[in-house]
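In what follows, a single structure is set out as structure tokens and then discussed.
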Amino acid sequence: MIVHPARHCLTVVSLEVDFVHFQVWRMRVLDNFVGKEIASQLGISEPTVSRHVAKVRSHLRETIMNVVMQ
């Protein structure tokens, strides 16, 4: 079975980063929640939501670069 590179990268990142960080990123990017909603649902601050999203985005960017350079 051939796996799309983007799906592969998301799978790798989801396994390598903290579970909560990835869930926050997923809610923000894929589910289109705003930071305030995520913070309220998870009981964390909005700046923490932003930090989690940034960490996952950075890791995803690195993973994509590694896949592209292979």
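Residue-wise test of (1) touching a residue at least 12 places away in the same chain (Cβ under 8 Å); (2) touching a Gly at 6+ places or on another chain (Cβ under 7 Å); (3) outside any helix (DSSP H, G or I).
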{"residue": "CYS9", "(1), (2), (3)": "yes, no, no"}
{"residue": "VAL13", "(1), (2), (3)": "yes, no, no"}
{"residue": "HIS21", "(1), (2), (3)": "yes, no, no"}
{"residue": "PHE33", "(1), (2), (3)": "no, no, yes"}
{"residue": "LYS36", "(1), (2), (3)": "no, no, no"}
{"residue": "SER50", "(1), (2), (3)": "yes, yes, no"}
{"residue": "VAL53", "(1), (2), (3)": "yes, no, no"}
{"residue": "THR63", "(1), (2), (3)": "yes, no, no"}
{"residue": "ASN66", "(1), (2), (3)": "no, no, no"}
Handout entry: Test: VAL3 is surrounded by fewer than 17 Cβ atoms within 10 Å (Cβ to Cβ), over 11 Å from the mean Cα position of the chain (by Cα) and of a type in the set (A, V, I, L, M)
Key = yes
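Residue-by-condition table, conditions (1) open to solvent by 100 Å² or more (accessible area, probe 1.4 Å); (2) closer than 16 Å to PRO5 by Cα:
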position	(1), (2)
GLU16	yes, no
TRP25	no, no
ASN32	yes, no
LYS36	yes, no
PRO47	no, no
VAL53	no, no
ILE64	no, yes
MET69	yes, yes
Problem - The one condition in (1) assigned to a loop (DSSP other than H, G, I, E, B); (2) modelled with pLDDT of 95 or more that ILE2 fails to fulfil - result: (2)
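The values are calculated or read from the model by the stated rules, or taken from the named source; none is laboratory data. Note that the structure is a prediction, hence the values are computed from the model and not measured. Don't worry about glycine lacking a Cβ; one is built from the backbone with ideal geometry, like all the others, and counts go over all protein chains shown. What goes into the accessible areas is simple: the full protein's heavy atoms, side chains included, and nothing from ligands, DNA or RNA. Shrake-Rupley method; radii C 1.70, N 1.55, O 1.52, S 1.80 Å.
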